[in-house]
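Data first, discussion second: the structure below is written as structure tokens.
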Amino acid sequence: MITALGASREGRDIHHSTPALSAQSLSIEAVADSTATPSTPVDVVLVGGGIMSATLGSIIRLVEPTWSIRIYERLDAVAQESSNAWNNAGTGHAALCELNYTPEKADGSIDITKAVAINEQFQTSREFWQHLVSADLLPEPEGFIASTPHMTFVRGAANVDYLRRRHAALVVHPLFSDLEFADDPAVIGEWAPLLVAERSADEPIAATRSTSGTDVNFGALTRKLTDYLESTGAELHLQHEITSLRQRKDGTWRLKVADRTWNAAERRSTVDAKFVFIGAGGGALPLLQKAGIPEAKGYGGFPISGLFLRTTNPELVAQHQAKVYGKADVGSPPMSVPHLDTRVVDGETSLLFGPYAGFSTKFLKKGSLLDLFLSIRPSNIVTMLAVAKDNMDLTKYLISEVTKSRWNKFKTLRDFMPTADPKDWEFITAGQRVQVMKSHPEKHGVLEFGTELITAADGTIAGLLGASPGASTAVPAMVDLLERCFPQQFPAWHRELATMMPSLAPQEWSSEEAFAELEADDADFQKTA
Ligand SMILES: Cc1cc2nc3c(=O)[nH]c(=O)nc-3n(C[C@H](O)[C@H](O)[C@H](O)COP(=O)(O)OP(=O)(O)OC[C@H]3O[C@@H](n4cnc5c(N)ncnc54)[C@H](O)[C@@H]3O)c2cc1C
């Protein structure tokens, strides 16, 4: 099967077994879960119903079909926070268009190391989703992933020169061989008419385009993965918040659960677990702190809120079929790079522009204004103060963004689309990001824009902090987690997982064989996508 997921590599997939499909495993699972009591701990508790928990649960279900799994979600549905389609930008991050993955070195050359790593990680995610679809464990991929060209668009002579050099550095790598460059407005206009309509002919502009990009509805994917997990006997507890947790003498964890499904006073209970994953998004830091593991000490969270502009005007939507990333303003955080995107959500196509970064003390969109203050501990206050001192540029940038009028915000869209008219667009609130602040031997504290996997030394608990590149790399992040938390089981699991995700097997990109295979896959994809 060939879809926006890419070539299925069926030749390699076909021989492996799919344990979660067997009726026997379903019945064993159902028994395992229904008999779990505080004295018989659940094998795996997933805190939070976002893409990370859904991904980890699905991978575990495939390699250990008899393990009992429970998901606790504080809201009344899964994927209501960052993983919701309208709370994130839905970009399948593969470094095809994001300039922050290709920094310029002091000697003027372009470093593509990070771009290659991000692309490879996204391929792993695609392979996993493709595997689940091929094995009929997920429904058709059109419901959660769509082929959408990825473009980068820059203005000004210096940026045009940078983009040309970036293209030259990337296009020689097989993962980026379809990347096209243009500085001719006519060509750019063919790729994305709204970028050039009524733009001054004197302005130097350039763009790159890759047709192998994707738009992903991570909310729909989370729901489908959760449905799959439930169909195999995993229990989903909505409106159940984990309020605290502690490790018991036998190494298992006792979690306190607040049941908010009742209108009357909430009910409290406990659940014991052999392994806990804190996939609570912005809520992960407070829970890791409550768990008291030394590995979480010194971490702080820096919340960044966001706004998007959205249009559903069919005339505009019909003229733009791409995700077009620009260049970040000086001092702005990498995740606030503006982009004009086609979004396909629940069968409806619209355009999204943003994000506009802002500041809020909440760690979750539906969180509390006290979140930031309650996360300050003796163990992280030095880190947080050091970050505040060293990141004045970011503070100034956020203050200027927060205080900008909506009209001034809107004008940024006109840099991309000179004909943009405010009457076509509405502001929507994006998801909340919590960037990681961590201790540093020399600087005392640094702000990180990536994700940070925290795992306890005994492998019984793990949590994920940060938000970028986020959902796109959920699969490799969760495989990494399994390797770190389950070192004994992992070699056997890895062999099985590599049959589902060939990129997990050791690869030699420089070998001619691997190049040829990749090119054949790409050719298939181009013919059929
Ligand atoms: C503005 C923005 C744009 C983004 N754009 C992209 C993009 O284009 N591409 C991309 O790949 N990634 C993107 N991301 C990142 C991506 O959305 C996140 O990395 C990803 O969704 C995080 O998934 P998660 O499961 O960790 O968290 P979430 O989806 O936030 O899920 C966490 C869940 O835990 C629940 N929870 C919290 N505390 C508790 C508790 N105590 N008990 C029970 N439940 C709890 C929450 O209610 C929530 O449902 C973007 C993020 C933002 C904010």
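Within the option set S332, S350, being at pLDDT below 95, within 26 Å of F410 (Cα to Cα), hydroxyl-bearing (S, T, Y) and in contact with a strand residue (DSSP E or B) (Cβ under 9 Å, 6 or more places away or on another chain) holds for one residue only, S332. Quick check on S379: is it part of a loop (DSSP other than H, G, I, E, B), out of contact with any helix residue (DSSP H, G or I) (no Cβ under 8 Å at 6 or more places or on another chain) and surrounded by fewer than 17 Cβ atoms within 10 Å (Cβ to Cβ)? Spelling it out, S379 is indeed part of a loop (DSSP other than H, G, I, E, B), out of contact with any helix residue (DSSP H, G or I) (no Cβ under 8 Å at 6 or more places or on another chain) and surrounded by fewer than 17 Cβ atoms within 10 Å (Cβ to Cβ). Those residues that are free of Cβ contacts under 8 Å to residues at least 24 places away in the same chain and surrounded by 15 or more Cβ atoms within 10 Å (Cβ to Cβ), I need them from the stretch 188-215; list them, please. Once the filter is applied, which keeps residues that are free of Cβ contacts under 8 Å to residues at least 24 places away in the same chain and surrounded by 15 or more Cβ atoms within 10 Å (Cβ to Cβ), the stretch 188-215 yields G189, V196. The condition of being in contact with a Ser or Thr (Cβ under 6 Å, 6 or more places away or on another chain) and either loosely packed, with under 13 Cβ neighbours inside 10 Å or of a type outside the set (F, W, Y) (or both) holds for only one of L369, L413, L398, L364, that being L369.
Would you confirm whether any residue within the stretch 449-458 is near the ligand (Cβ under 9 Å from one of its atoms) and at pLDDT below 90? Looking through the stretch 449-458, at least one residue is near the ligand (Cβ under 9 Å from one of its atoms) and at pLDDT below 90.
Against the list (1) at pLDDT 95 or above; (2) touching a Leu at 6+ places or on another chain (Cβ under 9 Å); (3) more than 14 Å from L46 (Cα to Cα), the condition A273 fails is (3).
Quick grid of which residues meet (1) over 24 Å from L179 (Cα atoms); (2) part of a helix (DSSP H, G or I):
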residue	(1), (2)
A117	no, yes
Q121	no, yes
T124	no, yes
E127	no, yes
V133	yes, yes
P139	yes, no
A146	no, no
M151	no, no
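Of all the listed residues (W67, W86), the sole one being touching an Asp or Glu at 6+ places or on another chain (Cβ under 6 Å) and assigned to a loop (DSSP other than H, G, I, E, B) is W67. Residue pairs, Cβ under 6 Å, 6 or more apart or interchain, first in the stretch 452-471 and free of Cβ contacts under 8 Å to residues at least 60 places away in the same chain, second not in a strand (DSSP E or B). List them. Every condition considered, the pairs that remain are L453/L481; G466/G450.
The values are calculated or read from the model by the stated rules, or taken from the named source; none is laboratory data. Model, not experiment: these values are computed from the prediction. Note that each Cβ is placed from the backbone with ideal geometry, even for glycine, and that neighbours are counted across all protein chains shown.
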